[in-house]
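The values are calculated or read from the model by the stated rules, or taken from the named source; none is laboratory data. Since we're looking at a predicted model, the values are computed, not measured. Just so you know, the surface numbers come from the protein's heavy atoms only, side chains and all, with ligands and any DNA or RNA stripped out. Shrake-Rupley method; radii C 1.70, N 1.55, O 1.52, S 1.80 Å.
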Amino acid sequence: MVTREPNSDGRPRMAGRGKSSNAPSLQQLLREEALLKKAAAYATLVQSWERGRVICLQQDKQEQKSVVKACQRLRASVAEELWVANKELLMVRRAALRYLLHCEHLQHQRELNHGGKSFYAERL
(Lines give C-alpha, C1' and ligand atoms only; values in the text may rest on other atoms or scores of the structure.)
Protein backbone atom coordinates (compact mmCIF):
# COMPACT_ATOMS: atom_id res chain seq x y z
CA MET A 1 0.00 0.00 0.00
CA VAL A 2 1.31 3.42 -0.97
CA THR A 3 0.73 6.42 1.23
CA ARG A 4 1.69 10.01 0.76
CA GLU A 5 3.29 11.83 3.62
CA PRO A 6 4.56 15.37 3.31
CA ASN A 7 8.26 16.04 3.61
CA SER A 8 9.66 18.86 5.66
CA ASP A 9 9.68 20.98 2.47
CA GLY A 10 5.96 20.28 1.85
CA ARG A 11 6.35 17.89 -1.11
CA PRO A 12 4.78 14.44 -0.85
CA ARG A 13 7.06 11.58 -0.07
CA MET A 14 6.43 7.99 -1.03
CA ALA A 15 6.43 5.52 1.83
CA GLY A 16 6.30 1.85 1.02
CA ARG A 17 5.43 -1.11 3.19
CA GLY A 18 8.42 -2.56 4.92
CA LYS A 19 11.05 -0.57 3.03
CA SER A 20 13.01 2.03 4.85
CA SER A 21 14.42 3.70 1.74
CA ASN A 22 13.00 7.03 0.63
CA ALA A 23 13.58 6.29 -3.08
CA PRO A 24 10.34 5.36 -4.88
CA SER A 25 10.26 2.15 -6.83
CA LEU A 26 9.50 1.91 -10.54
CA GLN A 27 6.02 0.54 -9.89
CA GLN A 28 5.24 3.42 -7.59
CA LEU A 29 6.41 5.91 -10.20
CA LEU A 30 4.31 4.21 -12.87
CA ARG A 31 1.27 4.25 -10.59
CA GLU A 32 1.83 7.93 -9.86
CA GLU A 33 2.14 8.68 -13.58
CA ALA A 34 -1.07 6.74 -14.30
CA LEU A 35 -2.87 8.62 -11.53
CA LEU A 36 -1.61 11.92 -12.86
CA LYS A 37 -2.74 11.03 -16.38
CA LYS A 38 -6.17 10.02 -15.05
CA ALA A 39 -6.42 13.26 -13.09
CA ALA A 40 -5.40 15.28 -16.16
CA ALA A 41 -7.90 13.38 -18.33
CA TYR A 42 -10.62 13.98 -15.75
CA ALA A 43 -9.77 17.68 -15.56
CA THR A 44 -9.90 17.87 -19.37
CA LEU A 45 -13.25 16.11 -19.34
CA VAL A 46 -14.63 18.53 -16.74
CA GLN A 47 -13.39 21.54 -18.72
CA SER A 48 -14.90 20.13 -21.88
CA TRP A 49 -18.20 19.55 -20.11
CA GLU A 50 -18.16 23.10 -18.71
CA ARG A 51 -17.46 24.57 -22.16
CA GLY A 52 -20.28 22.48 -23.62
CA ARG A 53 -22.61 23.64 -20.87
CA VAL A 54 -21.73 27.30 -21.48
CA ILE A 55 -22.26 26.87 -25.22
CA CYS A 56 -25.63 25.18 -24.64
CA LEU A 57 -26.73 27.99 -22.34
CA GLN A 58 -25.69 30.60 -24.90
CA GLN A 59 -27.54 28.75 -27.66
CA ASP A 60 -30.60 28.50 -25.44
CA LYS A 61 -30.55 32.26 -24.83
CA GLN A 62 -30.13 32.93 -28.55
CA GLU A 63 -32.96 30.55 -29.35
CA GLN A 64 -35.24 32.30 -26.85
CA LYS A 65 -34.40 35.68 -28.39
CA SER A 66 -35.05 34.24 -31.83
CA VAL A 67 -38.43 32.88 -30.75
CA VAL A 68 -39.39 36.25 -29.26
CA LYS A 69 -38.42 38.06 -32.46
CA ALA A 70 -40.27 35.51 -34.59
CA CYS A 71 -43.39 36.02 -32.46
CA GLN A 72 -43.09 39.78 -32.86
CA ARG A 73 -42.75 39.45 -36.65
CA LEU A 74 -45.70 37.08 -36.76
CA ARG A 75 -47.80 39.43 -34.64
CA ALA A 76 -46.92 42.35 -36.94
CA SER A 77 -47.73 40.38 -40.09
CA VAL A 78 -51.07 39.20 -38.63
CA ALA A 79 -51.93 42.78 -37.66
CA GLU A 80 -51.13 43.95 -41.19
CA GLU A 81 -53.21 41.14 -42.72
CA LEU A 82 -56.15 42.05 -40.46
CA TRP A 83 -55.87 45.70 -41.45
CA VAL A 84 -55.89 44.80 -45.16
CA ALA A 85 -58.76 42.32 -44.68
CA ASN A 86 -60.85 44.94 -42.83
CA LYS A 87 -60.20 47.47 -45.58
CA GLU A 88 -61.24 44.96 -48.26
CA LEU A 89 -64.34 44.02 -46.27
CA LEU A 90 -65.29 47.68 -46.01
CA MET A 91 -64.89 48.12 -49.78
CA VAL A 92 -67.00 45.01 -50.48
CA ARG A 93 -69.74 46.15 -48.09
CA ARG A 94 -69.80 49.62 -49.67
CA ALA A 95 -70.07 48.08 -53.15
CA ALA A 96 -72.88 45.80 -51.99
CA LEU A 97 -74.74 48.74 -50.44
CA ARG A 98 -74.35 50.78 -53.66
CA TYR A 99 -75.70 47.84 -55.63
CA LEU A 100 -78.68 47.44 -53.26
CA LEU A 101 -79.39 51.17 -53.39
CA HIS A 102 -79.24 51.10 -57.20
CA CYS A 103 -81.58 48.06 -57.31
CA GLU A 104 -84.04 49.76 -54.92
CA HIS A 105 -83.92 52.94 -57.01
CA LEU A 106 -84.69 50.97 -60.19
CA GLN A 107 -87.51 49.10 -58.44
CA HIS A 108 -88.98 52.35 -57.14
CA GLN A 109 -88.72 53.90 -60.61
CA ARG A 110 -90.51 50.89 -62.16
CA GLU A 111 -93.29 51.14 -59.60
CA LEU A 112 -93.74 54.84 -60.31
CA ASN A 113 -93.71 54.24 -64.07
CA HIS A 114 -96.29 51.50 -63.59
CA GLY A 115 -98.53 54.03 -61.83
CA GLY A 116 -97.99 56.66 -64.52
CA LYS A 117 -95.60 58.79 -62.51
CA SER A 118 -91.88 59.43 -62.93
CA PHE A 119 -88.84 60.98 -61.31
CA TYR A 120 -87.68 64.44 -62.27
CA ALA A 121 -84.42 64.04 -64.16
CA GLU A 122 -82.50 67.18 -64.99
CA ARG A 123 -81.18 67.19 -68.53
CA LEU A 124 -78.07 69.08 -69.42
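Extension gain, LEU97 to THR44, is 11.3 nm, computed as 0.36 nm per intervening residue step minus the present C-alpha separation. The orientation-averaged projection of the convex hull spanning the C-alpha atoms of the range 19-124 amounts to 15.6 square nanometres. At a 1.4 Å probe radius, carbon and sulfur cover how many percent of the accessible area of the range 68-109? C and S fraction of accessible area: 65 percent.
Within a straight-line Cα-Cα reach of under 23 Å, LYS38 cannot be paired with any lysines, leaving aside sequence neighbours fewer than 8 residues apart in one chain. Ignoring aspartates and glutamates fewer than eight residues from LYS117 along the same chain, the ones with Cα atoms less than 20 angstrom from its Cα are GLU104.
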